[in-house]
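Some notes on the structure that comes next.
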Amino acid sequence: MLFNSFEFLLFFPIMIIGFYTLPHKNRWLWLLLGSYFFYMVHEPSLVLLLIISTTVDYFCALKMPSVSNKRKKHLLYVSVFTNIGILFLFKYLFFFTSSIEGILKFFGLNIIDTGHAGSYNFNQILLPVGISFYTFQTLSYTIDVYRGKILPEKHFGVFALYVSFFPQLVAGPIERASRLIPQLKQKIEINIPNIKKGLILIAWGLFLKVVVADRLGVYVDAAFENPESPHSLALVLGFLFFSFQIYYDFSAYVSIAIGTAKTMGYDLMANFNRPIFSTSTAQFWQRWHISLSHWLRDYLYAPLVKKYKLSRVTAVLIVFFVNGLWHGANWTFIVWSLLNALLLIIEIGTLKIRRKIINILKLPKWLVSFCGWFIVIGYLFSSLIFFRSPSINDALVYYKHMFNIGSMHINIINNYFELCLSILLILIVQTIHYYKGNSKVYELVTERPPYVRYCMYFMYIIIIVLFAINRQNTFIYFQF
């Protein structure tokens, strides 16, 4: 179910009314049934994968405290192999088979024939929505129980709700059990300020999605559909618009998720902290998709460095390779992520030299910060061309024609009003993010006098009615 759908506008109030009407002891069941319904609206049969993952992890973790270390490790392997196996089968099988086929063809061999009449096409396997998110979430639970950081949850229903909690089920944030499960058990009373904050965050997220991100997507689609365009400036604007589109699109989902949970008294972690104002690659990844960055740090980078004694550079390359693969079964995502890793490694390796140069030249802090921001954001934004392109070849063609300085024409959608409106909306949203970020945007409303708040509510409705893009676009991160 999409947050920006009519179905959700009906589903959400029913869930809230039922939640506060039912006694505390029955709320977990109401939320669990609602969460499964929320997921099954998209593809009912794929809920079986969610059930399998939940059941395996529940019983594996439940037995860990009472068995030997060797047996505990076996249970961890069962959990990891089950979850990664499902993820591999439904998301990466076709990618790996096609990659192997390409390598074999390069050496003159043609063993795998996925296109033969009557043979099975691996590409026909349907990608379950949100599988990467809930797989990482359940894995973090099992690993934390194995490490002794948390005790296993004995209530199967509560654990199943932790895995499937509908606000963050399909696109995060990736919550830790130690943070979310205690909240799910807590008795919650009606809290009007919390409900107001939650509703404002939902409204903000919808604005980011249907007014801003989807509007930018119209221009982005036009630019990337024709990477051989002679209008190089339009291609530059295309990747800049996509950088803001994906940020607003994903942060819109997270804002709605956090707002939805907050209306029921639950606090989900912030997934963004003004990443576009970062002055280094390390800082960017500490602020962008925070729950995923922390997951990769705690469950992949730390063991590689501390347990397996790999160098920081090697560990960074492995982590960013996995990061790219997590985002999608395509070499474009891997190249995009490794380009991020490359800049991070350069930053680490040149840190001392850069500090010496800054001290010798006595450069002011504001100039250093500005130069860092300009280089980092320019580099990271341009790397997203690989993220958006359907293939590496398409990305390279886009780069080539983007640097062929030719026509200064940028109005490829033939609508100057929409183009100017898109730029204006970016400036407005970035100003708000600079001062309030995404998680405290409600303060712009709640700290105003009543008559100002009602005027803002009215203006919001007018803006949504007049400027929302009239097409129901899925969130970009739904495919991951």
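The values are calculated or read from the model by the stated rules, or taken from the named source; none is laboratory data. This structure is a prediction, so every number in the text was calculated from the model and none was measured. Heads up, the Cβs are rebuilt from the backbone with ideal geometry, glycines too, and the neighbour counts pull from every protein chain shown. Note: accessible area is taken over every heavy atom of the protein model, side chains too, but ligands, DNA and RNA are not part of it. Shrake-Rupley method; radii C 1.70, N 1.55, O 1.52, S 1.80 Å.
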- Item | Relative contact order (%) - criterion: Cα under 8 Å, at least six apart; region: the chain | 19 percent
- Pop out the ³J(HN,Hα) list for segment 375-384 in order, Karplus 6.51 cos²θ - 1.76 cosθ + 1.60 with θ = phi - 60°, rounded to Hz; leave Gly and Pro as x. 5, 5, 5, x, 5, 5, 5, 5, 5, 5
- Computed ³J(HN,Hα) along segment 137-154: with the Karplus parameters 6.51/-1.76/1.60, θ = phi - 60°, integer Hz and x for glycine or proline, the list is 5, 6, 5, 4, 5, 4, 5, 5, 5, 4, 6, x, 6, 9, 8, x, 7, 7
- So what does the Cα-only Debye profile of the chain read at q = 0.11 Å⁻¹, as log10 I(q)/I(0), no solvent term? -1.05
- Query: Given that compact globular proteins tend to follow 2.2 N^0.38 Å, what is the ratio of the alpha-carbon Rg of segment 194-474 to that value?
  - Reply: 1.09
- Cα extents of segment 6-189 along the three principal axes, largest first, in whole Å? 68, 51, 24
- Query: log₁₀ I(q)/I(0) of segment 398-447 at q = 0.13, 0.15, 0.22, 0.30 Å⁻¹, via Debye over equal Cα point scatterers, no solvent, to two decimals?
  - Reply: -0.55, -0.65, -0.85, -1.04
- Message: How far apart, in nanometres, would the label points at TYR435 and PHE37 be if each is projected 7 angstrom from Cα along the Cα-to-Cβ direction?
- Response: 4.1 nm
- In Å², rounded to a whole number, the accessible area per residue of the chain with probe 1.4 Å is 49 Å²
- Note on the structure: Whole-number value, in Å³ per residue, for the convex hull of the alpha carbons of segment 333-445 is 193 Å³
- Message: Full-extension gain between HIS24 and ILE100, please, as 0.36 nm times their residue separation minus the C-alpha to C-alpha distance.
- Response: 22.0 nm
- Work out the FRET efficiency for ARG179 and ILE405 from their Cβ-Cβ distance, taking R0 = 56 Å, and round it to the nearest 0.05. 0.65
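Between ASP298 and ASN273, what FRET efficiency comes out of the Förster formula 1/(1 + (r/R0)^6) with R0 = 22 Å and r the beta carbon distance, rounded to 0.05?
0.80
Taking the square root of 5 times each eigenvalue of the Cα gyration tensor, what semi-axes in Å does the equivalent ellipsoid of segment 3-74 have, largest first?
Largest first, segment 3-74 gives 33, 18, 8 Å.
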- Exposed-site-free run, longest, the chain (rule: GluC sites (Glu not before Pro); DSSP loop; at most 15 other C-beta within 10 Å): 229-446
- Task: Please check which bits of segment 329-358 a label hung off VAL313 would reach, taking the label as a point 7 Å along Cα-to-C-beta and the cut-off as backbone N under 12 Å.
- Result: 342, 345-350
